[in-house]
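The values are calculated or read from the model by the stated rules, or taken from the named source; none is laboratory data. Quick caveat, the model's predicted, so the values are computed rather than measured. Using ideal geometry, Cβ is built from the backbone for each residue, glycine included, and neighbour counts are taken over all protein chains shown. SASA here: full protein model, heavy atoms, side chains in, ligands and nucleic acids out. Shrake-Rupley method; radii C 1.70, N 1.55, O 1.52, S 1.80 Å.
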Amino acid sequence: MRTPIIAGNWKMYKSVKESINFANQLNEKLKSVKDREIVIAPTFLATALVVDALRFSNIQVATQDAHWENEGAFTGNISPLSLKELGVKFVILGHSEKRQYDNETDERVNRKLKNVLKDGLKAIVCVGETLQEREAGKTEKVVETQVSGCFEGIGLGDLSNIVIAYEPVWAIGTGKNATPEQANEVHAFIRSLIAKKYNAEAAGNIRIQYGGSVKPENIKQLMAQPDIDGALVGGASLKVESFEALVKF
Ligand code: PEP
């Protein structure tokens, strides 16, 4: 059985103070939840204090990126080893906004993924097509290229520390979400790619989250699909009541 995993990506929202306050409120609301994993990804600056606020809670902290080296002359970058030291559990890699604005590529995601796993962190690896690519009938090709590039050289033993997030770019922050059936179709395709590269057991075990305008109103239908194991949520994770409703779908 795959444990559902609901993650909130705060992007560049919330000041440090707001983040701590928000984390404390979430902790109060979600402390009785036992049957699913809960992850939040605050800004880098808020990370250490949010980890502290949630140290004895059932909410795990992620960051929205990390570097492919643990140290070196990489001005402005973040070492995953330091994140591990703080108590961070997950790193989100390959988010479409990193791909769009910071020249993130599958090759860089792959290097980062290897380093993050080596340091004992888990990863949420994001893939997904643009509207233009979907309309040109290229969804499967695009997702296949991304999965193949991001997972190059990743061993079978590492898969239990990786979650895949299928996030169609056209659905992120736009209010347009893929229908549950559209999303499930791509999830099943991604699972078939994992089966081909690794084996059927690994494909059956890996968790695939859907992301793209997930809200309390649509999460139930999405989670009812056989290949959707969770959600990566941006906008609707920024309010306590709505993130609580998402976690308790
Ligand atoms: C995201 O940031 O990964 C995301 C899916 O955003 P939103 O839920 O706002 O579409």
Among the residues in region 10-18, are any open to solvent by less than 20 Å² (accessible area, probe 1.4 Å), in contact (Cβ under 8 Å) with a residue 60 or more places away in the chain and under 19 Å from the mean Cα position of the chain (by Cα)? yes
With the structure loaded, tell me whether L159 is in contact with an Asp or Glu (Cβ under 8 Å, 6 or more places away or on another chain) and outside any strand (DSSP E or B) or whether it fails that test. no
Given the criteria within 16 Å of the ligand (Cβ to nearest atom) and in a loop (DSSP other than H, G, I, E, B), does G175 qualify? yes
Enumeration of residues in region 65-97 that are free of Cβ contacts under 8 Å to residues at least 40 places away in the same chain, out of contact with any Ser or Thr (no Cβ under 8 Å at 6 or more places or on another chain) and open to solvent by 50 Å² or more (accessible area, probe 1.4 Å): G72, A73, F74, T75, G76, N77, L81, S82, K84, E85
Kindly evaluate S57 against the criterion of being assigned to a loop (DSSP other than H, G, I, E, B), of a type in the set (S, T, Y) and either surrounded by fewer than 20 Cβ atoms within 10 Å (Cβ to Cβ) or under 15 Å from the mean Cα position of the chain (by Cα) (or both). yes
Out of all the residues in region 219-235, which are crowded, with 20+ Cβ neighbours inside 10 Å and within 11 Å of the ligand (Cβ to nearest atom)? I219, A231, L232, V233, G234
Count of residues meeting criterion [touching a residue at least 60 places away in the same chain (Cβ under 8 Å) and closer than 14 Å to E129 by Cα] in region 168-209: 3
Checking the condition under 18 Å from the mean Cα position of the chain (by Cα), at pLDDT 95 or above and assigned to a strand (DSSP E or B), which residue from A203, A231 passes? A231
Taking the options I5, I20, name whichever one is among the β-branched types (V, I, T) and under 24 Å from C126 (Cβ atoms). I5
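I'd like to check which helices (runs of 4 or more DSSP H) are fully inside region 62-125 and have at least 2 residues that are within 16 Å of the ligand (Cβ to nearest atom) and in contact with a strand residue (DSSP E or B) (Cβ under 9 Å, 6 or more places away or on another chain).
So the answer is 96-101.
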Looking only at region 166-199, count how many residues are farther than 16 Å from F151 by Cα, modelled with pLDDT of 90 or more and open to solvent by 50 Å² or more (accessible area, probe 1.4 Å). 4
Run down P42, P4 and say which single residue is within 16 Å of the chain's Cα centre (by Cα), open to solvent by less than 10 Å² (accessible area, probe 1.4 Å) and not polar (S, T, N, Q). P42
Please determine whether any residue of region 183-199 is within 12 Å of the ligand (Cβ to nearest atom) and basic (K, R). no
